[in-house]
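K.L.:
The structure under discussion is supplied below as structure tokens; questions concerning it will follow.
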Amino acid sequence: MNRVTKPFLIQAGTVLLCMMIWEAIVESRLLFEGIVPSIFEIMKAAWLQISTGFIFPHLLVTMYEAFVGFALAACLGIAIGIALGVEPFLRRVFEPLILYFAATPKIILYPIFLMMLGAKFESKMAMAGVSAFFPIVINATVAAAGIDRIFIKVAKSVGASSFQTFTRVYLPSTLLPVFTGMRLGMGAAFVGAILGELKVSNAGLGFIIIQAFNHFRIPEMYASILLTFFLAASVNFAMTLMSARLRRFAY
Amino acid sequence: MKDSAPILEIRNISKEYPGVTAIDNVSLKVHQHEFVSIIGPSGCGKSTLLEIIAGLLAKTSGEVFIKGHAVKNTHASIGIVFQQESIFPWRSTLENIEFGLEMHGVSKQERRNKSRRMIEIVGLQGFEDRYPGELSGGMKQRVAIARALVMEPEILLMDEPFGALDEQTRIILGEELLRIQQEIGQTILFVTHNIHEAVQLSDRVVVITARPGKIKATISVDIERPRTSEVIALEKFGKLVGKIWMLLREESLKGFKQTAL
Ligand SMILES: Nc1ncnc2c1ncn2[C@@H]1O[C@H](COP(=O)(O)OP(=O)(O)OP(=O)(O)O)[C@@H](O)[C@H]1O
Ligand SMILES: [Mg+2]
């Protein structure tokens, strides 16, 4: 058994074991009777959501909201983070504010977004954006502040412009920590978008979950939760693959 | 040569860090094509002085002139090789050496050509596409030297560039440096803690006192050029090394006590 397959087998075994415990609880009818459906029922509902195509528009809506919010947050977060990391004074002024705000649940802003941007996509994008912004900006700040000053001196000594210094020194030397921030930010963007959908919306994964809940269509609700989980997991997996490729360029 | 206007002049340079005077009123003239070494005990302000000349560090007082013009910032005719490891870990050997040319908008083809030639000069053939993580300490330092040399700066500041190298490589690269200097007519200001190296390479050796760094003495090395490393065998060579050590001994002891405190 080699180093790759062994952890994988253990992971698969853990999942299988959890499913068996789940199924045992359902079958025994001792706990949560009627609100925990059998895995087979969930699978059936999930298959129905996929085969009828019902899930896809909602999947797209959620991805759209999360990705747009994330992209805006990434551009702003990286630029601001590096600026704060480079300028000790700016950092001293703004970093505490950012840290306080980062610790606040972003959902408290949702009513404001709803009023300003309406109940459609835009308010969820805003939720996704503010949620993604903080992990990205914090990681970029720390990364830029930790850059070895000698690299900046080298760039200066050959007459590099500030823009060149940003793109050729700051970006590559902070690539990995910034990317870590982006990974966390991507996760946060989905949390933000779906949280918004759960509250007020008419489309998206959060919407169909809460709809199924309201109409007590329990297997359907679990199926949507499961598919949401798979979406989040695959996005994170894709970013893990990307960061493995980036590692070659960073250090 | 000494009568012509100096290409580089520093006048009354002082640098104070909070609580420490690193440099105290240093003045120095360096003429075109000259090779001047600065030697002094550890912590006497050599790196500080070089970074001030390069325009990378603010001075407390004094002035730097290049070809008669006072300069306050970095300057296109100055190149610098730093004492500490400074090559970019995210760039290959070739990409590191190309960095400065790239910043100046030199075409890719020309960059490649110049950098490849530099790679041969510093003896890194076969390592063009390696990343710094795969190079030895001495190889990394040679990349840094190549990165500065490829820009062909009129004035090259070198801060213990061979410090991380073994003695043999150090002597050979020193010889190579003199050859390049001859070829492109560079002026070099060279910091070292190696007396032999200072004598092998320099026209003049400037001895700096323990902190606060002041100029203690300037020794002329009257060994004719072009020189090879064979000068090491000359009787004159040994005498100069001895003379410099006598000047340096006292300062080194003082410097050592400062750091021991
Ligand atoms: N950023 C700084 N803040 C405060 N003091 C500093 C700073 N940089 C250097 N110094 C002090 O200035 C003095 C001179 O430092 P410098 O690095 O120029 O010495 P050096 O002659 O290059 O030494 P070495 O031969 O060990 O490289 C030292 O005493 C050092 O402690
Ligand atoms: Mg030094």
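Each value in this text was obtained by applying a stated rule to the coordinates, not by laboratory testing. The model shown is predicted, which means the values in this text are computed figures rather than measured ones. Glycine gets a Cβ as well: all are built from the backbone with ideal geometry, and neighbour counts include every protein chain shown.
K.L.:
From the residues B:PHE35, A:MET186, B:SER86, which one has its Cα farthest along the dipole of the protein assembly as shown in the positive direction, the dipole being from +1 and -1 charges on Cβ of Lys/Arg and Asp/Glu about the Cα centre?
P.N.:
B:PHE35
K.L.:
In nm, to one decimal, how far is the modelled label at A:PHE32 from the one at A:LEU60, with both set 7 Å along Cα→Cβ?
P.N.:
Each label point is offset 7 Å from its Cα along the Cβ direction, giving 3.3 nm.
K.L.:
Can you compute the FRET efficiency between B:ASN12 and B:MET246 using 1/(1 + (r/R0)^6), with r the Cβ-Cβ distance and R0 = 41 Å? Round to the nearest 0.05.
P.N.:
Computed FRET efficiency for B:ASN12 and B:MET246: 0.90.
K.L.:
Work out from phi, with θ = phi - 60° and the Karplus expression 6.51 cos²θ - 1.76 cosθ + 1.60, the ³J(HN,Hα) of each residue of the range B:174-189, listed in order in whole Hz, and give x for Gly and Pro.
P.N.:
Each residue's phi maps through the Karplus curve to give x, 4, 4, 4, 4, 5, 5, 4, 4, 5, 9, x, 7, 10, 10, 10 Hz.
K.L.:
Can you spot the lysines whose alpha carbon is less than 19 Å from B:LYS114's alpha carbon? Ignore those fewer than 8 places along the same chain.
P.N.:
Within the straight-line cut-off, B:LYS114 pairs with B:LYS140.
K.L.:
List every DSSP H helix in chain A whose Cα atoms extend 24 Å or more along the helix's own long axis and whose mean Kyte-Doolittle hydropathy is at least -1.0.
P.N.:
Answer set is A:5-28, A:55-86, A:121-145, A:171-199, A:218-246.
K.L.:
Which residues does the label zone of A:GLN211 cover in the range A:219-241, counting backbone N under 13 Å from a point 7 Å along Cα→Cβ?
P.N.:
Within reach of a label on A:GLN211: A:220-221, A:224.
K.L.:
Continuing with this model, one more query. Please work out how much length the chain gains when fully extended from A:ALA238 to A:LEU226, using 0.36 nm per residue of separation minus the C-alpha to C-alpha distance, in nm with one decimal. It would help to have the intermediate numbers written out before the result.
P.N.:
On the way: separation 12, 0.36 × 12 = 4.32 nm, distance 1.83 nm.
Answer, rounded to one decimal: 2.5 nm.
K.L.:
How big is the dipole moment of the range A:166-251 about its Cα centre under a simple scheme where the beta carbon of each Lys and Arg is +1, that of each Asp and Glu is -1, and everything else is neutral? Debye, nearest 20, please. Please report the intermediate quantities before stating the final value.
P.N.:
On the way: 7 positive and 2 negative charges, 92 e Å.
In debye, rounded to 20, the range A:166-251 gives about 440.
K.L.:
Consider a paramagnetic label point 7 Å from the Cα of A:ARG149 along Cα→Cβ; state which residues of the range B:12-28 have an amide N under 17 Å from it.
P.N.:
From the range B:12-28, the list is B:15-23.
K.L.:
Run lengths n ≥ 4 of DSSP H only: what is the helix-derived mean residue ellipticity at 222 nm for chain B, with -39500 (n - 2.57) per run over all residues, to the nearest 500? Provide the component values of the computation, followed by the final result.
P.N.:
Values: 7 runs with 97 residues, N = 261.
Mean residue ellipticity, 222 nm, calculated: -12000 deg cm²/dmol.
K.L.:
On to the next question. Suppose each label sits 7 Å from its Cα in the direction of the beta carbon; what would the A:THR180-B:GLU85 distance come out to in nanometres?
P.N.:
Those two pseudo-labels are separated by 1.9 nm.
K.L.:
Could you tell me which of B:ALA233, B:SER107, B:VAL64 has its Cα farthest along the dipole of chain B towards the positive end, charges placed at Cβ (Lys, Arg +1; Asp, Glu -1), taken about the Cα centre?
P.N.:
B:VAL64
K.L.:
At R0 = 51 Å, how high is the FRET efficiency between A:GLU23 and B:ARG179 if r is their beta carbon distance? Nearest 0.05 is fine.
P.N.:
It comes to 0.05.
K.L.:
Give B:LYS214/B:LYS257; B:LYS236/B:LYS257; B:LYS46/B:LYS257; B:LYS15/B:LYS243; A:LYS156/B:LYS59 a once-over and call out the pairs whose C-alpha atoms are over 20 Å from each other.
P.N.:
Correct reply: B:LYS236/B:LYS257; B:LYS15/B:LYS243.
K.L.:
Students often forget the sequence filter, so: which lysines lie under 18 Å Cα-Cα from A:LYS199 once same-chain residues fewer than 8 apart are removed?
P.N.:
Within the straight-line limit of under 18 Å, A:LYS199 reaches these lysines: A:LYS106, A:LYS120, A:LYS124.
K.L.:
Loop only by DSSP, 15 or fewer other Cβ within 10 Å of the Cβ. Give me the chymotrypsin sites (Phe, Trp or Tyr not before Pro) in the range A:83-132 that pass, ordered by residue number.
P.N.:
Passing both the DSSP loop test and the Cβ count: no residue.
K.L.:
Cut-off 15 Å, label point 7 angstrom out along Cα-to-Cβ of A:ALA71: give me the residues of the range A:90-122 whose amide nitrogen falls inside.
P.N.:
Counting backbone N atoms under 15 Å from the label point, the list is A:122.
K.L.:
At 222 nm, what helix-only mean residue ellipticity would chain A give, in deg cm²/dmol to the nearest 500, using -39500 (n - 2.57) for each DSSP H run of four or more?
P.N.:
-26500 deg cm²/dmol
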